[in-house]
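Comments concern the structure below.
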Amino acid sequence: MKKLSLILSVAAIFLAAKSEAQTPSLRDAFKNDFLIGTAMNTWQIEGKDTAGDRLIKQQFNAVTPENCMKAEIIQPGWDKYNFELADKLVAFAKKNNIKVNAHNLIWHSQLPAFMHHMQSADSVRQYFENHITKVASRYDGKVYSWDVVNEALNEDGTLRKDIFLDKLGDDYIVEAFRLAQKAAPHTKLYYNDYNIEQPKKRVGAIALIKKIQAAGVRIDGVGIQGHWKAGVVPMADIEESIKEFSALGIDVMFTELDLSVLPNPWDKVTADVSETAQGSAKMNPYTKALPDSMQQLLAKSYADLFTLFMKYKKNIGRVTFWGVNDGQSWLNGFPIRGRTNYPLLFDRNFKPKPAFYSVIATAKK
Ligand code: XIL
């Protein structure tokens, strides 16, 4: 009996390895076009998700830490830094020939608790300078790029009224890039945000980038997050954005791509992590499985998007998915907790979905 089960499990491993070897690889398919990335969660960085790690090595040549380089984790106290996970991520990437996009230096969300009570502008400035300098210099030459500033804009293109704008004034973004440039001279520096493909917010992003450039400070690229919805991807706005951002002489990236298949509780589209909504059965229609019609809609939306990305491959540096498999996506918890979403290319068992093959097909055209 024991012998039989051993034979069966060896056979299962063999078959799994065989089917994996036959699966095409995104990183190979797009190797002459742009980098293909994924967000890496803490389990994956710690080596506890072996199936996830195997898939990352096989499919991706870029990773972004989903959380572990955010301020609340990497600098939990005024004088306290925690580089353990970030160092592990960097080592994993180096070993597997994967580029790291570090995420992020300055953002209004996921700030350490001590920042929430900070009143004096001097303290905020000191935090700001220390944080950028210490963290960016540690990883210079070890990471490929930094999201220097994340989500600084409102939907109407004005600057978000967060603690940095409030205490440091309008120039804080230029200052953040200036400090990052000094601390990390060998690292590409990016501005990253959601909805900046939308006309009003895009105008704000362009003004911001021009302001940084006019100050003689380096900015190498812009990241459009790409948290969209299957069937209603804003294709024309995305195309226009690629053209307008490229005209500024910088790289364009799609940095957190996922396509939700679930109903939106609002009539607005947002990726602001502080927004939440009430759940209901109507808001969570596919708890058992995704119907075939939705599976096809998702595959079609991904095919359309990647067809567009291929058209502009000269301008696009990287396309990164926000997570490895559907079960690991933040969209199971945002903006409503406990839903079952299917926004990525791999299902909950790490199997490629029809959307995976529709993306691969765009590379061959
Ligand atoms: C999300 C992570 O995926 C979650 O695990 C975390 O709880 C909240 O943040 N825009 C960003 C990302 O720039 O950092 C956010 O990531 C998603 C929206």
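Before moving on, here are some points about what is shown:
- Cβ pairs under 8 Å, 6+ apart, first in segment 273-302 and over 21 Å from TRP330 (Cβ atoms), second of a type in the set (Phe, Trp, Tyr) and open to solvent by 30 Å² or more (accessible area, probe 1.4 Å): ALA299/TYR357
- Hits in segment 265-284 (condition: more than 19 Å from GLY327 (Cα to Cα), open to solvent by less than 60 Å² (accessible area, probe 1.4 Å), of a type outside the set (Val, Ile, Thr) and within 16 Å of the ligand (Cβ to nearest atom)): ASP272, GLU275, ALA277
- Which numbered condition THR287 fails, given (1) within 16 Å of the ligand (Cβ to nearest atom); (2) in a loop (DSSP other than H, G, I, E, B): (1)
- Within segment 112-134, residues that are in contact (Cβ under 8 Å) with a residue 24 or more places away in the chain have Cβ atoms under 7 Å from residues that are open to solvent by 50 Å² or more (accessible area, probe 1.4 Å) and among the acidic types (Asp, Glu) in these pairs: PRO112/GLU72, counting only partners at least 6 apart in sequence or on another chain.
The values are calculated or read from the model by the stated rules, or taken from the named source; none is laboratory data. Fair warning: this is a prediction, and the values are worked out from it, not measured in the lab. Neighbour counts run over all protein chains shown; Cβ positions are idealised from the backbone, glycine included. Heavy atoms of the whole protein, side chains included, go into the accessibility calculation; ligands, DNA and RNA do not. Shrake-Rupley method; radii C 1.70, N 1.55, O 1.52, S 1.80 Å.
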